[in-house]
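The block underneath contains the structure these notes are about, expressed in structure tokens.
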């Protein structure tokens with residue numbers, strides 16, 4: 001029972017890690033690729049177009 | 001686990017992004033610069049105007065190109081975090097490692113979800129084309145990527161036939177709903193440039209994602225071995 005609970009808690013913590021890493025990936029893509037901040041938009045302009053993101 | 005994804009993602013993403021940035025600079029940037037001549041009114045199209053299809057372009061602009069390379073690496077690091085998270089999730093249930101060559105296939109599937117699927121209704125835009133407001137397009141873009149990822153995952157990893165139909169429905173739904181479109185066409189660039197830009201962007205995206213997938217699998221395995229020992 002203890003082993004089962006440990007494995008359950010371990011798998012939960014692994015799932016949380018995966019979820020958080022994916023969330024961080026989304027955040028990076030949002031800030032670098034989609035944020036409408038003037039400076040970010042200008043700096044990333046060409047890449048946004050070439051990667052097919054909606055740019056402006 | 002979290003840091004394993006992060007570290008392998010940083011390596012795979014920065015290398016993959018560097019490759020993508022260089023390929024974009026060589027193949028996509030000249031088309032973009034050519035289009036900007038029309039966007040800025042230096043060249044005019046339509047009606048009585050005819051222009052040479054070959055223009056001399058300033059393809060070496062250190063600051064602009066450097067920023068593009070940097071942001072390409074950052075965006076591909078974001079892609080790598082997503083791709084390696086998906087790989088790790090799969091490894092939780094299948095338990096096997098993903099080889100470099102299998103990683104290339106993962107990368108191509110990632111490309112379909114993140115690059116090709118939204119482009120079916122919202123093609124890569126050369127500067128100066130007419131488009132709807134940016135925010136609804138971004139919402140549509142993120143929704144389409146999300147639904148396509150879920151759809152592909154269901155079809156790939158759930159053997160029951162009903163998941164094939166659910167997955168297909170999820171992938172086609174945003175295109176039936178439709179992407180935001182402009183009310184009028186005002187783009188000043190010739191259609192030839194727009195078409196070349198879209199196909200170059202999609203082609204380079206495919207190659208870059210294949211590289212990213214291979215590198216992601218390689219670095220994930222290296223990190224897994226390193227942290228286990």
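Given only helices, namely DSSP H runs of n ≥ 4 each adding -39500 (n - 2.57), what is the per-residue ellipticity at 222 nm of the protein assembly as shown, to the nearest 500 deg cm²/dmol?
My calculation for the protein assembly as shown gives -25000 deg cm²/dmol from helical runs alone.
Which of B:72, B:35, B:14, B:199 comes first, and how do the rest follow, when ranked by fewest Cβ neighbours within 10 Å?
So the residues, fewest neighbours to most, are B:199, B:14, B:35, B:72.
Just grab the label-to-label distance for residue B:143 and residue B:94, each label 7 Å out from Cα along the Cβ direction, in nm (one decimal).
A separation of 3.1 nm, rounded to one decimal place.
Return the single residue from B:154, B:116, B:69 with maximal mean-square fluctuation; model: Gaussian network over chain B, springs between Cα atoms under 10 Å.
Evaluated over chain B, the most mobile residue of the options is B:154.
Please check: in the Gaussian network model of chain B (C-alpha springs, under 10 Å), which one of B:54, B:92, B:138 has the largest mean-square fluctuation.
Most flexible of the set in this elastic network: B:54.
I'd like the orientation of helix A:2-33 relative to chain A: the angle between its Cα long axis and the longest Cα principal axis, in ° from 0 to 90, rounded to 10.
Helix A:2-33 sits at roughly 0 degrees to that axis.
Once you order the gyration tensor axes a ≥ b ≥ c over the Cα atoms, which shape class does chain B get: rounded for a/c under 1.5, otherwise prolate or oblate by comparing a/b with b/c?
Oblate.
Mind telling me which of B:137, B:97, B:64 comes out most flexible in a GNM of chain B, alpha-carbon contacts under 10 Å?
B:64
Rounded to a whole number of µm²/s, how large is the Stokes-Einstein D of the protein assembly as shown at 20 °C and 1.002 mPa s, given Rh as the Kirkwood radius over C-alpha pairs?
Diffusion coefficient, whole number: 107 µm²/s.
Applying 1/(1 + (r/R0)^6) with R0 = 25 Å to the Cβ-Cβ distance of residue B:222 and residue B:177, what FRET efficiency is obtained, to the nearest 0.05?
Details: r = 42 Å, r/R0 = 1.67.
About 0.05, to the nearest 0.05.
Express the C-alpha Rg of segment B:132-181 as a ratio against the empirical globular expectation 2.2 N^0.38 Å, rounded to two decimals. Walk me through the numbers on the way to the answer.
Numbers: Rg = 12.4 Å, N = 50, 2.2 N^0.38 = 9.7 Å.
Segment B:132-181 yields a ratio of 1.27.
Which whole number in µm²/s is D for segment A:2-50 by Stokes-Einstein, with the Kirkwood Rh taken over Cα pairs at 20 °C and 1.002 mPa s? Walk me through the numbers before you get to the answer.
Details: Rh = 13.1 Å.
For these conditions, the coefficient is 163 µm²/s.
Here, each number is a calculation from the coordinates, and none is a lab measurement. Note that this is a predicted model, so its numbers are computed, not measured. Ideal geometry is used to build each Cβ from the backbone, glycine not excepted, and the neighbour counts take in all protein chains shown.
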